[in-house]
Amino acid sequence: MKTINKLTILKNAISTKQFCRNFLLVLFLFSSINHLSAIPPSFTTKNIKFLSEGDSLAGTIFKPDHISAAVVIVHGSGQEKRMIEFATLLAKNGIAVLTYDKRGVGESAGVYAGPEVGTNNVDASNLNLLSLDASAAVNILSTYLSNNQIPIGLIGGSQAGWIIPLAAEKNKKVKFMTIFSGALITVKEQLRFQFYTNGNSNFWDTHTEEDARKHTMTDPDKYEFIDTDPLNVLSKLSIPGIWIFGGKDIQVPVNLSIEHLNTLKSKGKRYEYKLFPTLGHNTAFSKSEEPMKDAVKWMKNIKTSTTSQKH
């Protein structure tokens, strides 16, 4: 009987000891989870709505804890919603962002123009309307920045290459431009080049620069609309800008665009470019991280040189 009691007491002691260990482990894990959840994120987000040309546009503001620059993301062609992944990447690098659904897309009101709905989205009137949307976005983003010395810029790719300069001309708050694969030629010239390459990823293996340029400048236009020449606006702006190109681009004639950019630079414009010879049109989201890293570095370093600049 005594042996049984001793065994019972021993078992109870072991159970109590094991329970204490488990309880302490649970407490440790719980306190660790609480500690982790208490660490503030590197940025906060806020869904907003703002007016542009009588229509309500919906977007999200990404606000890092420590802001070195701020940008509005301008869409390319197509029915594009707000670019959350792009904005997240920028916010993690200390850049405040406003990204919004294009008019007529997602939660944004207005009418979307594009080939999917049988309308022309590169007519001058539509590009101008989209630039007004970008300008309105800049105004609303500026109200969410606690420091008015933070430079606000515009960032985007492809079709945004025409829209961004138009928006910068309209809004003096815009202090810089970051453009991926944007054409420095007229819309009609770009379409001639795009129709000639016809989506052939191996185009540059079988064609020369001279051949492509000839077709870009002389092919008959398939569509008639009011054209836009970005050089008209870019020759007037004094804010800095960077263009990031891929040498294998089959939507934008890169060498011709760079020539125009160099001409503007020779006239004192603070425009720069980076050329990645092996990349195509989608430089911003290619397999290489270098284009985006270069863009982020440039935007963060532009801080002190833009705050006192005028258009």
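Key figures for this structure:
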read-out	value
Odd one out for Thr119 among (1) outside any helix (DSSP H, G or I); (2) over 21 Å from Asn171 (Cβ atoms); (3) touching a residue at least 40 places away in the same chain (Cβ under 8 Å)	(3)
The stretch 78-93, subset surrounded by fewer than 18 Cβ atoms within 10 Å (Cβ to Cβ) and assigned to a loop (DSSP other than H, G, I, E, B), residue modelled with the highest pLDDT	Lys81
Residue ID - nearest to Gly156 (Cα to Cα), chosen from residues in the stretch 283-299 that are of a type in the set (Ser, Thr, Tyr) and touching a Leu at 6+ places or on another chain (Cβ under 8 Å)	Ser286
Subset tally (residues that are of a type in the set (S, T, N, Q) and touching a strand residue (DSSP E or B) at 6+ places or on another chain (Cβ under 9 Å)) for the stretch 256-278	3
Number of the condition not met by Tyr196 [criteria: (1) in contact (Cβ under 8 Å) with a residue 24 or more places away in the chain; (2) among the aromatic types (Phe, Trp, Tyr); (3) surrounded by 15 or more Cβ atoms within 10 Å (Cβ to Cβ)]	(1)
Per-region count, the stretch 286-304, residues of a type in the set (Val, Ile, Thr) and in a helix (DSSP H, G or I)	2
Some residue of the stretch 231-246 being more than 23 Å from Ser131 (Cβ to Cβ), out of contact with any helix residue (DSSP H, G or I) (no Cβ under 9 Å at 6 or more places or on another chain) and either surrounded by fewer than 18 Cβ atoms within 10 Å (Cβ to Cβ) or among the polar types (S, T, N, Q) (or both)	no
Enumeration of residues in the stretch 58-77 that are under 26 Å from Pro115 (Cα atoms), buried (at least 19 other Cβ atoms within 10 Å of the Cβ) and either charged (D, E, K, R) or touching a Lys or Arg at 6+ places or on another chain (Cβ under 6 Å) (or both)	Gly59, His75
Test for Thr283: is it under 28 Å from Val174 (Cα atoms), in a loop (DSSP other than H, G, I, E, B) and in contact with a Lys or Arg (Cβ under 9 Å, 6 or more places away or on another chain)	yes
Number of the exception - Gly54 against (1) exposed (fewer than 10 other Cβ atoms within 10 Å of the Cβ); (2) modelled with pLDDT under 95	(2)
Among the residues listed as Ser201, Ser181, the single one being surrounded by fewer than 18 Cβ atoms within 10 Å (Cβ to Cβ) and under 26 Å from the mean Cα position of the chain (by Cα)	Ser201
Within the stretch 199-218, tally of residues that are out of contact with any Pro (no Cβ under 7 Å at 6 or more places or on another chain) and more than 20 Å from Pro277 (Cα to Cα)	4
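A quick yes/no check of all residues on (1) touching a strand residue (DSSP E or B) at 6+ places or on another chain (Cβ under 8 Å); (2) over 25 Å from Ser125 (Cα atoms); (3) assigned to a helix (DSSP H, G or I):
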| site | (1), (2), (3) |
| --- | --- |
| Leu191 | no, no, yes |
| Ser201 | no, yes, no |
| Asp211 | no, yes, yes |
| Thr216 | no, no, yes |
| Pro220 | no, no, no |
| Tyr223 | no, no, no |
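The values are calculated or read from the model by the stated rules, or taken from the named source; none is laboratory data. All of these numbers come straight from a predicted model, not from anything done at the bench. FYI the Cβ positions are ideal-geometry reconstructions off the backbone, even for glycines, and counts take in every protein chain you see.
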